[in-house]
Amino acid sequence: MRFNHALLLKIGLGCLIVSGCVSSLGVSYAQSKNSRENNPHKAAVTVTGAGSSFAAPVYESWGEAAFPNINVHVNYQTIGSSAGQDQVMEGTIDFGASDKPMDEAGLKKAALYQFPTVMSGVVVIVNVPHIVKGTLQLDGPTLAGIYDGTITKWNDASILALNPGLKLPDDDIVPIHRADGSGTSYVFTSYLSQLSSEWKKQIGAGTLVEWPGGAGARGNDGIAALVKQTEGSIGYVEFSYATGNHLDVAKLKNHDGVFIAPTLESLSAASQAADWQNSPNFTVNLLDQAGPNAWPIVSATYALIPQKNINTAEGKGVKSFFQWGLSHGEELNSALGYVGLPHDVKMAILEKWPG
């Protein structure tokens with residue numbers, strides 16, 4: 001692999017800085033907690049969820065908006081999808097959140113009910129000097145080459161071929177990836193595996209893969225911050241983190257060969273083409289869906305509920321929270337850059353709720 005490791009030293013301090021970053025999107029848990037503690041009405045129950053940073057802005061905002069209606073405090077902790085799965089299986093939280101769905105065998109063994117809640121896209125963010133924002137165009141195989149270390153310069157022939165007329169600098173590329181177990185990484189590496197046979201064979205998909213090089217940051221907010229401060233860098237984050245931080249987002253070549261920018265409409269176009277009805281536990285593949293207007297990296301995020309707690313006060317509080325979010329959260333979803341589930345999928349989730 002041909003990564004310029006000396007170049008990465010210049011962002012070492014940045015890696016330390018962003019490990020403490022917090023998202024500027026949605027309502028932070030601290031703000032929500034203060035707001036609810038000042039409310040004269042005592043909550044019926046407090047429930048704790050943890051996991052995906054992809055889902056954090058939605059769950060924090062749902063929790064704040066739902067409180068006056070359901071009288072349930074929601075404490076959501078952003079710890080990454082892998083840790084969210086681990087904690088819900090250990091029984092230390094009331095619901096887990098993961099962008100990588102668990103398989104049928106794992107759900108059965110842990111006695112968990114799993115369902116999607118919202119969808120969004122993973123987008124590619126860049127910090128390339130001297131180019132106009134939103135003009136860079138990339139595709140799946142080229143992204144795989146950047147992240148496996150075979151493409152190391154912004155003016156590499158493969159990138160130039162995708163960007164006729166765009167003057168790209170002879171600068172080193174600094175690929176930035178998640179350092180923690182991440183559902184966003186799972187979605188991104190699944191896309192690379194689907195579009196690049198070499199990536200699939202050499203590295204594959206996972207929440208935590210053996211990255212050939214580059215620099216790591218924790219959380220979507222960590223990658224967003226590190227890309228923003230590092231010239232020549234490239235990273236991947238959930239859609240709302242890019243828009244909320246005003247980052248330069250690359251266009252991607254979709255299944256129909258169209259270079260497209262991520263929007264709520266292009267995310268929705270991918271979900272509309274998916275086969276929800278024939279996907280067990282609603283774990284539909286939304287990657288590289290057909291359609292000229294479809295964004296190629298779309299994924300749902302999933303909640304995990306311990307079935308043994310369904311009839312406890314906390315279990316009922318969790319149900320009230322998600323029932324409110326699925327039924328009334330559309331306006332918040334859109335404002336934060338997420339796409340809600342199709343109506344029939346929402347109804348099926350509530351109908352199949354255990355107990």
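The table that follows gives values for the structure above.
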{"quantity": "Any chance GLY181 is modelled with pLDDT under 95, assigned to a strand (DSSP E or B) and either open to solvent by less than 30 Å² (accessible area, probe 1.4 Å) or over 30 Å from SER320 (Cβ atoms) (or both)", "calculated": "no"}
{"quantity": "Selection count where residues are open to solvent by 10 Å² or more (accessible area, probe 1.4 Å) and of a type in the set (Val, Ile, Thr), scope the stretch 152-172", "calculated": "1"}
{"quantity": "Number of positions in the stretch 308-318 that are in contact with an Asp or Glu (Cβ under 6 Å, 6 or more places away or on another chain) and open to solvent by 10 Å² or more (accessible area, probe 1.4 Å)", "calculated": "1"}
{"quantity": "Criterion violated by SER61 - all others in (1) over 16 Å from SER320 (Cα atoms); (2) in a helix (DSSP H, G or I); (3) in contact with a helix residue (DSSP H, G or I) (Cβ under 6 Å, 6 or more places away or on another chain) satisfied", "calculated": "(1)"}
{"quantity": "The stretch 49-108, residues that are surrounded by fewer than 24 Cβ atoms within 10 Å (Cβ to Cβ), over 16 Å from VAL318 (Cα atoms) and of a type in the set (Asp, Glu)", "calculated": "ASP86, GLU90, ASP103, GLU104"}
{"quantity": "Wholly within the stretch 292-355, helices (runs of 4 or more DSSP H) carrying at least 2 residues that are hydrophobic (A, V, I, L, M, F, W, C) and over 21 Å from THR243 (Cβ atoms)", "calculated": "313-328, 343-351"}
{"quantity": "From the options ILE297, ILE305, residue that is open to solvent by less than 50 Å² (accessible area, probe 1.4 Å), over 17 Å from the mean Cα position of the chain (by Cα) and at pLDDT 95 or above", "calculated": "ILE305"}
{"quantity": "Options SER233, SER266: the member that is touching a strand residue (DSSP E or B) at 6+ places or on another chain (Cβ under 6 Å), of a type outside the set (Val, Ile, Thr) and under 18 Å from THR301 (Cα atoms)", "calculated": "SER266"}
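The values are calculated or read from the model by the stated rules, or taken from the named source; none is laboratory data. What you are looking at is a predicted structure, and each value in this text was computed from that prediction instead of being measured. For neighbour counting, all protein chains shown are included, and Cβ atoms are generated from backbone atoms with ideal geometry for every residue, glycine included. For accessibility, only protein heavy atoms count, side chains too; no ligands or nucleic acids. Shrake-Rupley method; radii C 1.70, N 1.55, O 1.52, S 1.80 Å.
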